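The values are calculated or read from the model by the stated rules, or taken from the named source; none is laboratory data. Source: prediction; values computed, not measured. Cβ placement follows ideal geometry from the backbone for every residue including glycine, while neighbour counts extend to all protein chains displayed. Heavy atoms of the whole protein, side chains included, go into the accessibility calculation; ligands, DNA and RNA do not. Shrake-Rupley method; radii C 1.70, N 1.55, O 1.52, S 1.80 Å.
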Amino acid sequence: MFMFEKAVVGSRRYWIGVGSLLVVIGAGFLFYLHQLNYGLGVTGMSRNVSWGLYIGQFTFMVGVAASAVMVVLPYYLHNHKEFARMAILGEFLAIAAVSMCMLFIFVDMGQPMRVLNVILYPHLSSLMFWDMLSLSGYLVLNVTITLVTLHAEQRGVFPPRWIKPVIFLSIPWAISIHTVTAFLYSGLPGRFSWRTAIMAPRFLASAFAAGPALLILLCLLLRGMTGFDVGKKAIQGLSVIVTYAMIINVFFILMEFFTSLYSHVPELTEDFQNLYLGTLGHTSLLPWGRTSLVLMAVALFLLLMPAARRNERWLAAACVVTFVSLWIDKGICLVVSGFVPSPLGAITRYVPTPPEIMISAGVWAVGGLMITVFYKIALSVRQRALGLPVEHGTTPLPVAK
Amino acid sequence: MKITRKRFLELSGACLVALSGREILALLDSPGPSQAGPASAGGPRKRWGMIIDTKKCAKEQGCTRCLEACNTTHNIPAFQNPAHRIEWIWEEPFEDLFPSYETPYLENSRKGEPTPVLCNHCDDPPCVRVCPTGATWKRTEDGIVMMDWHRCIGCRYCMAACPYGSRSFNWLDPRPYIKTLTADFPTRTKGVVEKCTFCSERLAKGQMPACVEACPEKALVFGDLNDPQSEIRKLLASQYTLRRKPELGTGPNVYYVV
Amino acid sequence: MRDRGVIYSGLLIFLGLITFPVWHDMAAGTTSRGPQPILPTQEKQCVAPASYMRTSHMHLLMDWRDAVVRHDAHSFKAFNGKTYTMSLAGTCLSCHTNKADFCDRCHNYAAVSVYCWDCHVDPKLVRRSSQ
């Protein structure tokens, strides 16, 4: 049913890739066992900075997961046919990203064996409960959609009609998963840098830039390694989406800058000073904040030039810079800056430890493995479908190379 | 038995609603996580509160009797690494307690004066609001924000939500770091969040909290804020007190005489 | 059949693995005698009938846990009318003073690892450390 048999035949390069990912996963797993045994004290987190790399990575990956909507919306809702061959790749990316999110939450928990308590004793006032619901629902939605559409492609027929409303449901659901994650932060009375109404819009804007940027990179990689081409129009269309999302994201950041720096209210200015300006003398976050801003500016500059977007080498560079800048911003700066200063004014330095980094790398490798396996399956189905008569709805005839 | 798919789905839906109807009604009825229910034999609800008189507290320099009393009563571990420290009641420099009243010209005697801080057992606690499992909740019968260490999953959302930094997490197994183990109170295990519980186990036996009892200057006054005749209410009516960060709407119940 | 050798040796290895519990216990000299917890001498009656405790002491402890922690109820009216304070270390271990001779005997035999003792303190540990 899951067509996994298609993932166990592959070239030498495929198996080297899978093998290296398995090694990283194994190493991460061993470090996790150490963490289970010893406690979360193996990480760099502390009484003052009680969330760190794990939750930061979770926050970033929810955004990447939500970004599948940037392909699903134009293709399924507005019938922009150029995204035909990219849609399923975006949905697979969403599945891998959501799985990574759940793994990051799991490794961050102090008592992971009790995680079912969230379902056994649900508390509707807690955003974490709703986050668990929406992420699980999104996972089920995307697994259903990809399974059904890929099966239909394999048989060379149109997918069943009932999948259309399910696909339409995944559109607002994608927005909701990242909004709920933003609410986790923006509803807390005590953390002033998080307590802003623009948190959810900022999250969405940066997600819709970072996720599609990653998808473009994956598609270019796929074409280079296997010859499977999603089409120039799809890549160009997605690059325009990344550009607009990046513009909006930078605009939102500038909005935050203004409110905090013009009002002079210490609660609002302190975090920006620690992240970008260093005027208070606390410098540990400065390199991260400043690099993120510089890279965002570079990314925006590249993306705004149509000539740069059309040249695929420059586009790839722009996507890498986009992804990295937003990964730093959301994966590192956002979470740590909320805890600095502490409620009693203390500045605590947070440095992830090697076990913490290895466990995170292990989770990333799980996502990488999932993407590899899923894309292999999708490609195998598509290669086979090339020989079938033109009846299927989701995959138009391939463009000659 | 022949049945159409449509009819089958209709019947299943009806059964689901019937079965879950009771739960849905209960959910709509419930006021929130504080479902613990009163255990006392009735009578008016209490609202435990505390006054910390900073002037009486500062009389003896370097006194930490309330901290020691709490730490020994509750098997609180002592970690060398400040990142892993567990604090239920601890001391902070006076100027850090009331950031809204920050001043460049603080009274000299107050500068850096160690002042006890603890969980404020707020009227509207954000930590309770965010807990996904109900491992922390506000008791209806006496207002204590309680902890259930059997249920806590260690997500630390409550630590992010608390505006006062009152909560600690067990980053390691605390047992090796406990100086004097007492069997009267359990230790906690690695992976759960803990905080002051206003000595609920002592209150159940009619005793005052350990910190209150241990203070030689009687600087800590503990009582029922709902009882207008209580000592704490009389003291609050007769002198000016401050609470920490009241503008956040949390309704803290620990008052400071400054 | 070319693979006869592989199949027969595979079957032998499987048989060896599947009968592991039998020959391991024989070699280790484990008897089939059940666990023998040492009952307390000063009290003859537990907070519930012994037959109930043998099958369901965990349910009783869970009820006590929820009552004390979540409902602030500390008094337990036993089946015989007596009142007890609901406390693992305070009440249960006041009669079953030796956890190793009582609780651990059955738990070790049944390979049940309870995590109560991660937090709840065995009074014996305290007495030993204060000597």
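Going through the cross-link list B:46/B:190; B:190/B:218; B:59/B:234, which pairs have a Cα-Cα distance over 28 Å in this structure? Pairs exceeding 28 Å: B:46/B:190; B:190/B:218. Interface B-C: total buried accessible area of about 1700 Å², 1.4 Å probe, protein heavy atoms only.
For the stretch A:135-141, backbone phi angles converted through the Karplus equation (6.51, -1.76, 1.60; θ = phi - 60°) give residue-by-residue couplings of 5, 5, x, 5, 5, 4, 4 Hz, Gly and Pro being listed as x. Residues of the stretch A:179-225 buried by at least 50 Å² of accessible area upon assembly of all protein chains, compared with the chain on its own (1.4 Å probe): A:188, A:189. Can you classify the protein assembly as shown as rounded, prolate or oblate using the Cα gyration tensor, where a ≥ b ≥ c are the square roots of its eigenvalues, rounded means a/c under 1.5, and otherwise it's prolate if a/b beats b/c and oblate if not? Oblate is the answer for the protein assembly as shown, as a/c is 1.5 or above yet b/c matches or exceeds a/b. Using Cβ point charges alone (K and R +1, D and E -1), the dipole size of the protein assembly as shown about the Cα centre works out to roughly 2080 debye. Within the stretch B:68-99, the residues that become at least 50 Å² less accessible when every protein chain is included than when their own chain is isolated (1.4 Å probe; DNA, RNA and ligands ignored) are B:85. Taking the longest Cα principal axis of chain A as reference, the axis of helix A:312-328 is set at about 40 degrees. Per residue, the stretch B:45-257 exposes 39 Å² of accessible surface when a 1.4 Å probe is rolled over the protein heavy atoms with every protein chain present.
How would the stretch A:178-301 be classified by its alpha-carbon gyration tensor: rounded, prolate or oblate, with rounded meaning a/c under 1.5 and the a/b versus b/c comparison settling the rest? Prolate, because a/c is 1.5 or more and a/b exceeds b/c. Which percent of the accessible area of the stretch A:91-135 is formed by carbon and sulfur heavy atoms (probe 1.4 angstrom)? Using a 1.4 Å probe with all protein chains present, the stretch A:91-135 comes out at 81 percent carbon and sulfur. Restricted to Cα atoms, the stretch B:210-258 shows a radius of gyration and a Dmax of 11.7, 33 angstrom. Computed from backbone phi, the HN-Hα couplings of the stretch C:61-68 come to 5, 5, 4, 4, 4, 5, 5, 6 Hz, rounded to whole numbers (Karplus: 6.51 cos²θ - 1.76 cosθ + 1.60, θ = phi - 60°; Gly and Pro given as x). A simple rule links phi to the HN-Hα coupling: the Karplus curve 6.51 cos²θ - 1.76 cosθ + 1.60 with θ = phi - 60°, which for the stretch A:229-240 gives 10, 7, x, 5, 4, 5, 5, 5, x, 5, 5, 5 Hz, with x for Gly and Pro. Rounded to the nearest 20 debye, the dipole magnitude of the stretch C:50-130 is 220 debye, with +1 charges on Lys and Arg beta carbons, -1 on Asp and Glu beta carbons, and the Cα centre as origin. Straight-distance candidates among the lysines for linking to residue C:44, with alpha-carbon spacing under 26 Å and chain neighbours fewer than 8 residues away dropped: C:77, C:82, C:99, C:124. Residues of the stretch A:124-146 buried by at least 40 Å² of accessible area upon assembly of all protein chains, compared with the chain on its own (1.4 Å probe): A:125, A:126, A:128. About its Cα centre, the stretch B:45-257 has a charge dipole of approximately 380 debye under the convention of +1 per Lys or Arg Cβ and -1 per Asp or Glu Cβ, with nothing else charged. Counting only other chain Cβ atoms within 10 Å of each residue's Cβ, the peptide A:45-58 averages 4. When accessible surface is computed with a 1.4 Å probe, chains B and A are found to bury approximately 3600 Å² between them, both chains counted.
Residues considered: A:15, A:51, A:162. Largest GNM mean-square fluctuation over chain A, using C-alpha springs under 10 Å, is found at A:162. Dividing the helix sum by the residues of chain A, where each DSSP H run of 4 or more adds -39500 (n - 2.57), gives a mean residue ellipticity at 222 nm of -23000 deg cm²/dmol. Counted as membrane-span-like here are DSSP H helices of chain B whose alpha-carbon atoms extend 18 Å or more along the helix's own axis and whose Kyte-Doolittle mean is -0.5 or above; these are B:5-29. For the stretch B:45-257, a/c is less than 1.5, where a ≥ b ≥ c are the root eigenvalues of the C-alpha gyration tensor. That puts it in the rounded class. According to the Cα-based calculation, Rg over Rh for the stretch A:141-187 is 1.20, with Rh computed by the Kirkwood formula.
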